[in-house]
Amino acid sequence: MESSNLPATAERFLNHLQVERGLSKNSLLAYRSDLRKFFELEPSFTEEGYDRFLIHLHKLGLSPLSIARAISALRGYSKFLRRTDSEIFLVPHQRKLPAKRLPKALTLARVTSLIEGCREDVNGLRDRAIIELFYSAGLRVSELVGLKVADFRTRERESSARFIRVLGKGSKERLVPVGGYAVVAIEKYLVRSRPVLRGSKTTSALFLNHHGERLTRQGIWHMLQEASKRAGLEEAVSPHQLRHSFATHLLENGADVRSVQELLGHANVTTTQIYTMVTRDALREAFSESHPRAR
C-alpha cells in the first residue's frame, strides 16, 4: 500500500484489513482516504476530535453515504485500537444508516441501443465487448478491469457454455457463464482489436486502452459516457447500472435468488434480495398503471 503520514496504528489497522480480512484494493484505498482526512484535521484519535471531524464532514456538504463510510472506517479503527487499550474511545454505531439506493434498471431496448451504438473500429469493438460482458455476466467494474486474457475460458469439458474466471471482493474467485452475444463480441475483440491496441507491448490484461495498457475504472466510466451519448440516452449509464440490470432481468424472467447470488458474487443472500424488492415494486407499478380494476 502507498506510504502516507498516517500514525503507525492506522497503518497496522490497514494491514489488518488487507491480510486478515482480505479487503479489496479499492476498499483499502477508501479506508485510507477516510483515515487520512481525519488525521489531517486531528493530531490524535479522541472523542472530541471525532465530534469535530463529523461537524467538518457535514459542513463540506458530503452525502449521507460518504459520511456513513467515514464513520464506518473510524469505528473499525477504534475497535482495532480497543484490542490493546480498553480506554480508547469507541465510535458508536449510527442509529440509522442512510438507505443505499440502487440505480434504476435499464430496459432491454436501452441495453441494446447502448451496444448497437458501438462503432466497428478498434475502440468500438472493445467497447462492445465490455458492455456485452457487463450485461451478460453482471460483473463489478473492479472485476472487469482486473480480467486477464486467460480468464476468458474455453468450453468447460463437455459443456457448450463459455465461462469467465472472476476475482471478486475479498479475493474470492468464481466462474461466471457468458452469453453467446458476449462471447462473439469478446472473440471479435481478441482477434481484430486487442492486437492493435497492444502493439509491441506484452500484457496479460484482457481489456486495453490506446496505450496498450490495462483499461482503468476511469476509462470504463468515460467509455460508457460516450456510448450513452451515441445511444441518445438522457443520462450516462454506469457500470453498476448494467450489473443491476443483469440481476433484475434474471429475476424478472424466473431465475431463483440463490443462483443470482452466486452469479453476482454476493456473500450474503440478503444483499441479492434487495433486487427482488425492486422487481416487486416494478410489478406493482405496472399492475397499478395497466390493470383496468387496479385503481
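The values are calculated or read from the model by the stated rules, or taken from the named source; none is laboratory data. No experiment lies behind these values; they were computed from the predicted model shown. In this analysis, Cβ positions are derived from the backbone assuming ideal geometry, glycine residues included, and neighbour counts consider all displayed protein chains.
Could you say whether any residue in segment 49-68 is touching a residue at least 60 places away in the same chain (Cβ under 8 Å) and either touching a Lys or Arg at 6+ places or on another chain (Cβ under 9 Å) or part of a helix (DSSP H, G or I) (or both)? Can you show your working first?
Pass one, segment 49-68, residues touching a residue at least 60 places away in the same chain (Cβ under 8 Å): none.
No, that holds for no residue.
Does segment 250-257 contain at least one residue that is within 17 Å of the chain's Cα centre (by Cα) and of a type in the set (Val, Ile, Thr)? Explain how you work it out, then say what you get.
Filtering segment 250-257 down to residues within 17 Å of the chain's Cα centre (by Cα) leaves none.
Within segment 250-257 (the criterion being within 17 Å of the chain's Cα centre (by Cα) and of a type in the set (Val, Ile, Thr)), the answer is no, since none of the residues qualifies.
Just to verify a result, which residue in segment 109-121, among those that are in a helix (DSSP H, G or I) and more than 21 Å from the chain's Cα centre (by Cα), is surrounded by the fewest Cβ atoms within 10 Å (Cβ to Cβ)? Break it down stepwise before answering.
Start the filter on segment 109-121 by keeping residues that are in a helix (DSSP H, G or I), which leaves 109-116.
Within this subset, residues satisfying the condition of being more than 21 Å from the chain's Cα centre (by Cα) are 109, 112-113, 116.
Values: 109: 8, 112: 14, 113: 17, 116: 11.
The residue in question is 109.
Answer yes if at least one residue in segment 185-203 is closer than 30 Å to residue 22 by Cα and either of a type outside the set (Asp, Glu) or outside any loop (DSSP other than H, G, I, E, B) (or both), and no otherwise. Please lay out each step first, then the result.
Initial filter on segment 185-203 (closer than 30 Å to residue 22 by Cα): 202-203.
Next, only the ones that are either of a type outside the set (Asp, Glu) or outside any loop (DSSP other than H, G, I, E, B) (or both) stay: 202-203.
Within segment 185-203, one or more residues are closer than 30 Å to residue 22 by Cα and either of a type outside the set (Asp, Glu) or outside any loop (DSSP other than H, G, I, E, B) (or both).
Taking segment 111-136 as the region of interest, how many residues are in contact with a His (Cβ under 9 Å, 6 or more places away or on another chain) and under 19 Å from residue 180 (Cβ atoms)?
Narrowing segment 111-136 to residues in contact with a His (Cβ under 9 Å, 6 or more places away or on another chain): 111, 122-123, 135.
Cutting the leftovers down to under 19 Å from residue 180 (Cβ atoms) gives us 111, 135.
Within segment 111-136, residues that are in contact with a His (Cβ under 9 Å, 6 or more places away or on another chain) and under 19 Å from residue 180 (Cβ atoms) number 2.
Got a sec? Which of 127, 121, 151 is more than 19 Å from residue 239 (Cβ to Cβ), acidic (Asp, Glu) and modelled with pLDDT of 90 or more?
Details: 127 fails: more than 19 Å from residue 239 (Cβ to Cβ); 151 fails: more than 19 Å from residue 239 (Cβ to Cβ).
Residue meeting the stated conditions: 121.
If you scan segment 2-11, which residues turn out to be within 26 Å of the chain's Cα centre (by Cα) and modelled with pLDDT of 80 or more?
10, 11
Take residue 288 and tell me if it is modelled with pLDDT of 85 or more, surrounded by fewer than 17 Cβ atoms within 10 Å (Cβ to Cβ) and more than 27 Å from residue 125 (Cα to Cα).
Details: modelled with pLDDT of 85 or more: no; surrounded by fewer than 17 Cβ atoms within 10 Å (Cβ to Cβ): yes; more than 27 Å from residue 125 (Cα to Cα): yes.
The answer is no for residue 288.
Kindly check whether there is at least one residue in segment 29-42 that is free of Cβ contacts under 8 Å to residues at least 60 places away in the same chain, over 30 Å from residue 142 (Cα atoms) and not charged (D, E, K, R). Break it down stepwise before answering.
Just the residues of segment 29-42 that are free of Cβ contacts under 8 Å to residues at least 60 places away in the same chain, to begin with: 29-42.
If we keep only those that are over 30 Å from residue 142 (Cα atoms) as well, we get 41-42.
Applying the additional criterion that residues be not charged (D, E, K, R) yields 41.
Looking for residues that are free of Cβ contacts under 8 Å to residues at least 60 places away in the same chain, over 30 Å from residue 142 (Cα atoms) and not charged (D, E, K, R), one finds at least one in segment 29-42, hence yes.
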